[in-house]
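First comes the structure, then the notes that go with it.
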Amino acid sequence: MAASEGTADDSLYPIAVLIDELRNEDVQLRLNSIKKLSTISLALGVERTRSELIPFLTDTIYDEDEVLLALAEQLGAFTPLVGGPEYVHCLLPPLESLATVEETVVRDKAVESLRKVCEEHSPEHLETHFLPLVKRLAVGDWFTSRTSACGLFSVAYPRLSVATKAELRSHFRSLCQDDTPMVRRAAAGKLGEFAKVVEVEYLKTDLIPMFVTLAQDEQTYQHHVFSQDSVRLLAVEACVSMAGLLPQEDTELLVMPTLRQAAEDKSWRVRYMVADRFIDLQKAVGPDITKNDLVSAFQSLLKDVEAEVRAAAAGKVRDFCQNVDPSVQEAVIMNNVLPCVKASAVELVSDGNQHVKSALAGVIMGLSPILGKDNTVTHLLPLFLSQLKDECPEVRLNIISNLDCVNEVIGIQQLSQSLLPAIVELAEDSKWRVRLAIIEYMPLLAGQLGVDFFNQSLSKLCMTWLVDHVYAIREAATNNLRKLVEKFGPEWAAQNVLPKINAMSRDGNYLHRMTCLACINVVGEVCGRELTTKTLLPTVLAMANDNVPNVRFNVAKTLQIIGPHIDKESLHTQVKGVLDRLNDDSDTDVKYFASEALIALFIPAVYFTLEEKN
């Protein structure tokens with residue numbers, strides 16, 4: 001009897017620990033306890049989890065937000081711990097309570113877990129247990145429960161009976177017309193998701209009117225202006241989903257009037273959302289509606305009074321034009337898009353908004369393959385050259401980084417005369433971050449321009465960066481050399497890079513000599529064994545006698561790095577002797593790195609030899 005009592009006490013211990021920790025004043029202890037729920041549940045077993053643990057958790061949902069967030073997340077994966085799908089409905093009470101709390105992140109996590117749990121309900125249990133929960137949340141007194149309800153309709157709807165589906169659509173309609181803007185916003189955000197699971201006939205009769213109402217959401221009280229703007233902009237999201245679900249004639253009749261209105265909305269944030277999602281809208285409505293309606297809407301957005309809207313539209317120019325029906329593609333670009341772009345380019349010189357200019361610069365090059373050589377030279381090239389002279393470095397960089405589009409159409413020769421001064425100007429910009437950006441584009445430019453043009457015009461720049469006064473520039477220039485050698489090959493390196501690296505080894509500035517070693521570190525790995533041994537190794541060995549200790553210990557580090565890329569004879573006859581001498585250096589750092597190099601390069605070989613003899 002005593003033994004059985006002891007066993008019972010032991011089995012109660014986990015829940016006792018949980019209760020004690022959950023009641024502890026220390027939030028961290030309570031949080032740790034919540035994160036151990038699965039372990040505690042396994043110790044209790046499925047029956048006691050259902051009968052004791054879940055009710056206890058339901059009764060204690062009055063805690064710090066971080067504890068509630070952890071609880072909401074844990075419960076989403078609790079189905080196996082309560083006995084599987086047959087008993088999953090017992091998780092609904094605590095999650096329902098969590099879905100009504102004030103903190104948004106907790107509610108969102110509770111809804112996420114409820115969506116997972118919903119999928120594990122049988123159709124019978126879905127109507128018996130889950131559907132009543134959705135209804136209770138949808139008609140709750142507090143807006144928090146009604147906003148949470150909006151996220152549950154789409155997961156429950158597909159497996160319900162016809163009668164309950166109608167009831168659910170009715171509840172969603174009520175949420176779309178709710179007095180509280182936060183609830184209407186939540187409904188608008190989930191409308192597109194709900195539309196994907198609703199039958200087409202009800203999509204037209206029930207959801208489209210809801211969409212129209214939300215998209216025209218008008219202010220009732222002055223202090224709700226922000227919320228209602230966000231209701232309308234979320235309705236734009238729903239427009240993408242709905243347009244893709246309806247036949248074209250229905251889209252034109254039911255959706256397009258609202259979309260046209262949104263593109264001219266009094267709130268710039270709604271117009272921005274239209275511009276931001278314009279390509280998705282274009283794909284959803286199809287080529288005919290694009291030609292008849294969206295072209296003019298896109299023109300308006302490109303000329304919008306708000307810079308944010310223009311920037312969003314400008315960034316979509318290339319994709320929009322590529323998705324236009326090929327039969328009218330060139331005409332649309334020449335007659336509708338390009339005039340706006342040209343006008344914008346002229347206006348933006350005085351506009352001064354760099355975000356719009358850089359957005360346009362990032363995509364304008366993509367029109368070249370569509371327009372062909374003649375139109376590119378006549379209409380686009382002047383724009384490119386104008387933007388290459390823009391005072392904003394980001395605009396110039398965006399043009400340069402997309403040169404491959406134009407290069408394929410008209411060739412680099414027509415660009416080179418204007419391109420080179422812009423690159424040089426960026427390379428010598430007073431802001432080191434601008435110089436850094438152009439260095440990162442250099443391998444891309446090298447591939448676009450070809451080796452001859454690169455040697456003639458840009459090779460000198462790459463070497464100049466190696467002696468820049470900013471360390472980040474010198475480091476980036478070093479890595480740039482490696483990429484250039486990989487692109488152009490060892491022979492190019494032997495002629496154009498290695499002589500200049502060797503010359504740096506004799507520079508009077510010790511920082512430049514250290515940069516020389518850094519270059520050898522990266523170039524030595526891609527130049528090939530012969531070049532590394534015959535050309536780079538002598539330079540490194542000569543620097544072992546440098547009077548600056550920092551240079552000498554970097555020599556040791558470099559020898560360790562390039563050692564595997566040197567032939568064995570030179571490694572033993574030349575490198576080992578220099579490292580032995582550095583290992584006796586008066587400077588402790590030099591000795592340390594020399595010994596590290598000796599161990600890395602030669603000790604494994606000694607061990608290998610001993611194993612062979614044994």
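Quick grid of which residues meet (1) assigned to a loop (DSSP other than H, G, I, E, B); (2) of a type in the set (S, T, N, Q); (3) at pLDDT below 85:
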site	(1), (2), (3)
D217	yes, no, yes
T220	yes, yes, yes
V240	no, no, yes
G244	no, no, yes
T251	no, yes, yes
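Would you be able to say whether some residue in the stretch 65-81 is at pLDDT below 80 and either within 22 Å of V183 (Cβ to Cβ) or not in a helix (DSSP H, G or I) (or both)?
yes
Which residue out of E127, E112, E64 is surrounded by fewer than 21 Cβ atoms within 10 Å (Cβ to Cβ), in contact with a helix residue (DSSP H, G or I) (Cβ under 7 Å, 6 or more places away or on another chain), among the acidic types (D, E) and under 25 Å from V198 (Cβ atoms)?
The unique qualifying residue is E127.
Can you run down the residue pairs with Cβ atoms below 8 Å, 6 or more apart or on separate chains, where the first is in the stretch 114-142 and within 13 Å of F153 (Cα to Cα) and the partner is acidic (D, E) and crowded, with 17+ Cβ neighbours inside 10 Å?
Matching pairs, first to second residue: L114/E96; L133/E96; R136/E96; L137/E96.
Considering (1) surrounded by fewer than 17 Cβ atoms within 10 Å (Cβ to Cβ); (2) of a type outside the set (V, I, T); (3) under 27 Å from S505 (Cα atoms), say which one P421 fails and leave the rest.
Condition (3) is where P421 drops out.
I'm checking my understanding of the structure. Among residues of the stretch 530-581 that are in a helix (DSSP H, G or I), β-branched (V, I, T) and without any contact (Cβ under 8 Å) to a residue 40 or more places away in the chain, which one is surrounded by the fewest Cβ atoms within 10 Å (Cβ to Cβ)?
Going through the qualifying residues, I end up with T573.
Any residue at all in the stretch 298-319 that is assigned to a helix (DSSP H, G or I) and more than 25 Å from L380 (Cα to Cα)?
no
For the stretch 307-322, name all the residues that are surrounded by fewer than 20 Cβ atoms within 10 Å (Cβ to Cβ) and either at pLDDT 85 or above or hydrophobic (A, V, I, L, M, F, W, C) (or both).
Selection gives A307, E308, D319.
When the residues of the stretch 372-403 are narrowed to those that are hydroxyl-bearing (S, T, Y) and surrounded by fewer than 21 Cβ atoms within 10 Å (Cβ to Cβ), which ends up modelled with the highest pLDDT?
Residue satisfying both the conditions and the ranking: T378.
Can you pull out every residue in the stretch 479-533 that is touching a Leu at 6+ places or on another chain (Cβ under 7 Å) and of a type in the set (S, T, Y)?
Scanning the stretch 479-533 gives a single hit, T515.
When both residues are 6+ apart or on different chains and their Cβ atoms are under 6 Å apart, which pairs have a first residue that lies in the stretch 75-87 and is touching a residue at least 24 places away in the same chain (Cβ under 8 Å), and a second that is small (G, A, S) and part of a helix (DSSP H, G or I)?
L75/S113; G76/S113; L81/S41
Which of the residues spanning the stretch 162-172 are over 35 Å from the mean Cα position of the chain (by Cα) and not hydroxyl-bearing (S, T, Y)?
The answer is V162, A163, K165, A166, E167, L168, R169, H171.
Hey, among the residues in the stretch 454-493 that are surrounded by fewer than 18 Cβ atoms within 10 Å (Cβ to Cβ) and among the aromatic types (F, W, Y), which one's farthest from L531 (Cα to Cα)?
Checking each candidate, the answer is Y471.
Working only within the stretch 446-467, note down all residues that are on the phi < 0 side of the Ramachandran plot, under 33 Å from the mean Cα position of the chain (by Cα) and modelled with pLDDT of 75 or more.
Those that are on the phi < 0 side of the Ramachandran plot, under 33 Å from the mean Cα position of the chain (by Cα) and modelled with pLDDT of 75 or more: A446, G447, F454, L458, L461, C462, W465, L466.
Restricting the stretch 98-114 to residues that are among the hydroxyl-bearing types (S, T, Y) and in a helix (DSSP H, G or I), which is farthest from I54 (Cα to Cα)?
Within the stretch 98-114, the match that is farthest from I54 (Cα to Cα) is T104.
The values are calculated or read from the model by the stated rules, or taken from the named source; none is laboratory data. From a predicted model like this one, the values you see are computed outputs, not experimental measurements. With ideal geometry, Cβ positions are generated from the backbone for all residues, glycine too; neighbour counts draw on all protein chains shown.
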